[in-house]
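Everything on this sheet refers to the single structure shown next.
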Amino acid sequence: KQWYQRRVAITAGGPPPAAKPTTQVDLSFQCTHLRDMDVLSKSDPQIVLYMKNMEGGWMELGRTEKIKNSLNPSFAESIPVIFKFEEQQNIRLRVFDLDDPGQSIGMADFLGELEMTLGQVISSKSITRSLVHPRFKECGTVTLTAMEVGGSHEIACLKFEGVGLDKKDFLGKSDPYYEIARQNTDGTFVTVYRSETIQCTLNPRWRQQEISVKRLCQNLPDQPILFSCYDHDDDGSHDFIGYFTLTLAQLRDRNATATSWELINPKKEKSTDCDSALIPLL
């Protein structure tokens, strides 16, 4: 009797089903030529990403930050997604114009959408598609960039200050912020971090930020990282102050590299006007 019960239990349970292979990817987004839905300013776009579920409905996966007064936004916040190798995963991307703080998506102006499979993004690594709108023909484009997250979990702690930045405001100084961008395999760059804005100063000191090395440079210590500095303007026409590039290897080896980097502005002549610098405090 015991043998029979034990055999029935084994037969009924059976071996566990094999787990389907998956990996986590981060999707980054850039838009160009979005529709301007505001009268006195530009649109304030935000992207919402959805995935089609088994019942045929759409489940929200995440949202980017909102970027004020921009028709060509490069979003610093990526959206993590689990990619299933043996399944077709349909995704929908929708862009909204959120004018007021706390405004719900349902009350925001709709700027356009597109649908594709997650596999199309993964296989291309970076793909650009036109937005579709039921009322307008020209709605701009969205570029999706996929990066696999697995592997190293190393974190880079970065803290920067500016010294002697250029004065961009007529009646004040500058309101500086900076962006960090990772280089893609095709040589283009995608924004991975945007700092806070420090008001009315030429010597800002930004707060420390932790960024995964994978997101910063895909775990490639010699891959260029682009640092760009701007003067923030409320109307979205941010003034470019300058840029420089370096690598994670240079940041790690402080004894072998400079402790400050001159900001380069191609529109300015090489003179004493080009002495702005960012200094990393690691």
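The values are calculated or read from the model by the stated rules, or taken from the named source; none is laboratory data. All figures in this text were calculated on a predicted structure; none of them were measured in a lab. Cβ coordinates were reconstructed from backbone atoms using ideal geometry, including for glycine residues, and neighbour counts include every protein chain displayed. Protein only, heavy atoms only, side chains kept; ligands, DNA and RNA dropped before computing areas. Shrake-Rupley method; radii C 1.70, N 1.55, O 1.52, S 1.80 Å.
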Calculate what fraction, in whole %, of the accessible area of segment 211-257 sits on carbon and sulfur atoms when a 1.4 Å probe is rolled over the protein chains. 45 percent
Sparsely packed GluC sites (Glu not before Pro) within segment 62-165, loop by DSSP, other Cβ within 10 Å at most 14: Glu65, Glu86, Glu87, Glu138, Glu154
For segment 84-100 versus segment 14-75, the gap between their alpha-carbon centres in whole angstrom: 4 Å
Can you put Met147, Met37 in order of accessible area, largest first, using a 1.4 Å probe? Met37, Met147
Please compute the modelled spin-label separation between Lys267 and Thr197, points set 7 Å along Cα→Cβ, answer in nm with one decimal. 1.7 nm
Output for segment 146-245: trypsin sites (Lys or Arg not before Pro) sitting in coil per DSSP, at most 15 other Cβ within 10 Å, listed by number, reads Lys159, Lys167, Arg207
Using only the alpha carbon atoms of segment 116-194, find the Kirkwood hydrodynamic radius as the inverse mean reciprocal pair distance, in angstroms to one decimal. 16.8 Å
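Please list, by residue number, every one of the chymotrypsin sites (Phe, Trp or Tyr not before Pro) in segment 70-115 that is coil in DSSP and has at most 16 other beta-carbon atoms within 10 Å.
Qualifying residues, ordered by number: Phe85.
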Candidate lysines - alpha carbon under 22 Å from Lys42, same-chain residues fewer than 8 apart omitted: Lys66, Lys68, Lys137, Lys168
Quick calc: nm separation of the 7 Å Cα→Cβ label points for Thr245 and Gln24 -> 3.0 nm
If you count only protein heavy atoms with a 1.4 Å probe, what accessible area per residue comes out for segment 46-112, rounded to a whole Å²? 51 Å²
Thr143, Thr22, Thr185, reordered so the largest accessible area comes first (probe 1.4 Å): Thr185, Thr22, Thr143
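Assuming R0 = 51 Å, what is the FRET efficiency of Val39 and Glu148, from their Cβ-Cβ distance, to the nearest 0.05?
Given R0 = 51 Å and the Cβ-Cβ separation, E is 0.75.
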Around His133, under 15 Å between beta carbons, what's the net of Lys plus Arg minus Asp minus Glu among the other residues? 0
